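These notes are about the structure you will find just below.
None of the figures in this text is laboratory data; all of them are computed from the coordinates on show. Quick caveat, the model's predicted, so the values are computed rather than measured. Note that we place each Cβ from the backbone using ideal geometry, even for glycine, and neighbour counts take in every protein chain shown.
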């Protein structure tokens with residue numbers, strides 16, 4: 001876990017330095033990449049049914065367009081595919097077991113307002 005966290009921090013820092021080397025403004029595009037991690041999860045029910053999902057890494061990307069020097073519209077999409085095992089117990093005590101891979105795709109649209117210029121910019125973001 002510590003190794004994974006260290007790798008993710010280093011990737012993030014390298015992306016920040018890369019982003020600072022480019023200037024953005026009205027009529028330009030920006031893009032971003034993401035490495036995702038989802039922790040494992042388990043749940044059970046009173047009748048004996050259980051659900052266990054493995055941890056998983058995924059990927060994401062974002063794209064934004066500068067409407068002005070301070071206003072960006074864009075979106076993000078993320079994908080990951082954790083394995084899961086579900087055991088269902090019916091009212092007669094008969095078990096059914098399912099081993100499968102869950103395909104998870106997240107997407108969102110967003111608008112971002114930048115409050116100032118510079119290497120560290122406060123911003124407000126609204127999205128759905």
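Below are the figures for this structure:
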{"quantity": "Segment 39-128: C-alpha gyration tensor shape, a/c 1.5 cut-off, then a/b vs b/c", "calculated": "prolate"}
{"quantity": "Packing rank of 61-67, 39-45, where each peptide gets the mean count of other beta carbons within 10 Å, highest leading", "calculated": "61-67, 39-45"}
{"quantity": "Gain upon complete extension [residue 67, residue 87; 0.36 nm per residue less C-alpha separation]", "calculated": "2.1 nm"}
{"quantity": "Sorted peptide list for 29-38, 51-60, criterion being average Cβ within 10 angstrom, highest first", "calculated": "51-60, 29-38"}
{"quantity": "Cβ-Cβ FRET estimate between residue 55 and residue 121, R0 fixed at 35 Å, reported to 0.05", "calculated": "0.60"}
{"quantity": "Sequence ranges 81-89, 98-106, ranked by mean other-Cβ count within 10 angstrom, highest first", "calculated": "81-89, 98-106"}
